[in-house]
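Novice: Take a look at the following structure, please.
What follows draws every value from the coordinates through simple rules; no lab data is involved. Fair warning: this is a prediction, and the values are worked out from it, not measured in the lab. So basically every Cβ, Gly included, is an ideal-geometry build from the backbone, and we count neighbours across all protein chains shown.
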Amino acid sequence: MSLTVKLQVFEGPLDLLLHLIEKNKVDIYDIPIVLITDQYLEYIRKMKEEDLNVMSEFLVMAATLLDIKCRMLLPKEINEEGEEEDPRAELVEKLIEYKLYKYMSYELKDMHMDAGRTLFKKPTMPKEIEEYEQPIDYQQLIGDMDLARLNQIFKSMMKRQIDKVDPIRSKFGKIEKDVISLEDKTAYVEAYIRCHRKFGFRDLLEKQKSKMDIVVTFLVILEMMKLGQIMIVQEELFDDIMITSRMAA
């Protein structure tokens, strides 16, 4: 007589671990790693999953549990602060974070279901009310206001606007931002290097049109030096920096 085993479907290895911890009613901060590892391995032995990508995630977690189990048998490691390190600490942190997001998803699902049971009534209003416009009493609106009073208010507002103008800064010209493409500058420097092969850094910078051009050119040179495309040498302090190409001609 064959024995049929019905397994719960878990969304991932952390979900299975969390289930085992809750099932055994143990403290998540003090996981009995031997017990949990044995039960975890028993679960994945019974799993019949054709998707190797999914199974690989469970096997990686199994290897992690076995590693922690082995480290628990060894003498405790001491960190820089002189405290003993718990091999389970990183796993506990991941489980707590997973549990937090899991219960948040439950809350969002409940809110979604509650919203689905909410009904709204479209606003209805008689046509007469929609088309009604309250009459304006211009006499009451103007009150004791006359043209002289309006002119006085207008001049007062214009004077306030003039007072806001800074007499010094208002004469400054418009400052426009230089837009320089890093890709274009890189192409320019590479072409310059292929033509000259060896040259002074000052010569390259003197051909730039603005401070922003110089800054971007300097960044391009640093990047090319990091990639090993050029070699930089300075014989003496304050001498010109000589750049030699390592790029294929």
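Novice: At 7 Å along the Cα-to-beta-carbon direction for both PHE120 and MET158, put a label point, then send me their distance in nm to one decimal.
Specialist: 5.0 nm
Novice: Right, something else. Which FRET efficiency, nearest 0.05, do ASP239 and SER181 yield, Cβ-Cβ r, R0 22 Å?
Specialist: Approximately 0.10, to the nearest 0.05.
Novice: Would you mind calculating the gained length between LYS25 and LYS211 on full extension (0.36 nm times residue separation, minus the Cα-Cα distance), in nm to one decimal?
Specialist: 60.3 nm is the gain from fully extending LYS25 to LYS211.
Novice: Subtracting the Cα-Cα distance from 0.36 nm times the residue separation, let me have the gained length for GLU84 to GLN229 in nm, one decimal.
Specialist: 47.4 nm
Novice: Let me ask something else. For a distance above 16 Å, tell me the whole-number percent of Cα pairs in the range 182-245 that qualify.
Specialist: In whole percent, the share of Cα-Cα pairs in the range 182-245 beyond 16 Å is 41.
Novice: In the range 182-245, what is the count of Lys pairs whose alpha carbons are under 18 Å apart, counting only pairs at least 8 residues apart or on separate chains?
Specialist: 6
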